[in-house]
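Enquirer: First the structure, then my questions, so here it is.
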Amino acid sequence: MKYLMLTYGNREMWESLLTEDFAAEIAKQDAFNQRYRQTGELLSAYGLADAAMAKIVGRRDGQPAVTDGPYLETKEYIASLYVLDCESEQRAHEIAADMPWADHHPAEVWPILHEAFDSGSAGE
């Protein structure tokens, strides 16, 4: 079964990382990504830009309407997302608990109930 795993962050969290520690923290995340990519359980992983770069897109008079956003009611926002393919929910939880920052920044794990298309067939 597939699972969506979300991590959260905020500007304060990123700014608290010491410059000299940043490369080591990224290396830990890269090692995590490689480990689960090699097992076939990590299908994809994406780090998102700061929330200040996100936009709200709708439609007005049949045309795209783009505004600054998002307008969150929380100080944290989605920092990264992962798509897992695991034999069980328990296994998805084990992988989430293995995230390098899980001691202080837990991840959300959501079962994916419907898949519109397989990412390998996109655009075919």
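The values are calculated or read from the model by the stated rules, or taken from the named source; none is laboratory data. This is a predicted model, so every value here is computed, not measured. No Cβ is skipped: glycine too gets one built from the backbone with ideal geometry, and neighbour counts run over all protein chains shown. In case anyone asks, the SASA skips ligands and DNA or RNA and just uses the protein heavy atoms, side chains included. Shrake-Rupley method; radii C 1.70, N 1.55, O 1.52, S 1.80 Å.
Enquirer: Given Asp118, Asp103, which one is free of Cβ contacts under 8 Å to residues at least 24 places away in the same chain, closer than 21 Å to Ser16 by Cα and open to solvent by 50 Å² or more (accessible area, probe 1.4 Å)?
Expert: Asp103
Enquirer: For residues that are open to solvent by 60 Å² or more (accessible area, probe 1.4 Å) and in a loop (DSSP other than H, G, I, E, B), scanning just segment 60-71, find the one that is farthest from Glu89 (Cα to Cα).
Expert: Asp61
Enquirer: While we're here: What pairs come up if the first residue lies in segment 48-67 and is of a type in the set (S, T, N, Q), the second is open to solvent by 100 Å² or more (accessible area, probe 1.4 Å), and their beta carbons are under 7 Å apart, counting only those six or more places apart or on different chains?
Expert: Going by the 7 Å Cβ cut-off, the qualifying pairs are Thr67/Lys55.
Enquirer: Further question: When you scan segment 33-43, do you find a residue that is assigned to a strand (DSSP E or B) and in contact with a strand residue (DSSP E or B) (Cβ under 8 Å, 6 or more places away or on another chain), even just one?
Expert: Yes: segment 33-43 contains one or more residues that are assigned to a strand (DSSP E or B) and in contact with a strand residue (DSSP E or B) (Cβ under 8 Å, 6 or more places away or on another chain).
Enquirer: Let me ask you something else. Whether any residue in segment 72-88 is in contact (Cβ under 8 Å) with a residue 60 or more places away in the chain, in a loop (DSSP other than H, G, I, E, B), closer than 19 Å to His104 by Cβ and in contact with a Lys or Arg (Cβ under 7 Å, 6 or more places away or on another chain) is what I want to check.
Expert: Checked segment 72-88: no residue is in contact (Cβ under 8 Å) with a residue 60 or more places away in the chain, in a loop (DSSP other than H, G, I, E, B), closer than 19 Å to His104 by Cβ and in contact with a Lys or Arg (Cβ under 7 Å, 6 or more places away or on another chain).
Enquirer: Additional query: Considering segment 1-32 alone, what residues qualify as being part of a loop (DSSP other than H, G, I, E, B) and touching a residue at least 12 places away in the same chain (Cβ under 8 Å)?
Expert: Answer for segment 1-32, where residues must be part of a loop (DSSP other than H, G, I, E, B) and touching a residue at least 12 places away in the same chain (Cβ under 8 Å): Met1, Asn10.
Enquirer: So which residues in segment 44-59 are farther than 17 Å from Leu4 by Cα and in a loop (DSSP other than H, G, I, E, B), if there are any at all?
Expert: Once the filter is applied, which keeps residues that are farther than 17 Å from Leu4 by Cα and in a loop (DSSP other than H, G, I, E, B), segment 44-59 yields Ala49, Asp50, Ala54.
Enquirer: Does Lys28 qualify as being at pLDDT below 95 and in contact with a helix residue (DSSP H, G or I) (Cβ under 8 Å, 6 or more places away or on another chain)?
Expert: no
Enquirer: Could you check segment 32-59 and list, in sequence order, the residues that are at pLDDT 95 or above, more than 16 Å from the chain's Cα centre (by Cα) and either of a type outside the set (Ser, Thr, Tyr) or open to solvent by less than 70 Å² (accessible area, probe 1.4 Å) (or both)?
Expert: Selection gives Arg35, Gln38, Gly40, Arg59.
Enquirer: For segment 1-31, what are the residues that are within 17 Å of the chain's Cα centre (by Cα), among the β-branched types (Val, Ile, Thr) and open to solvent by 50 Å² or more (accessible area, probe 1.4 Å)?
Expert: Passing the criteria: only Ile26.
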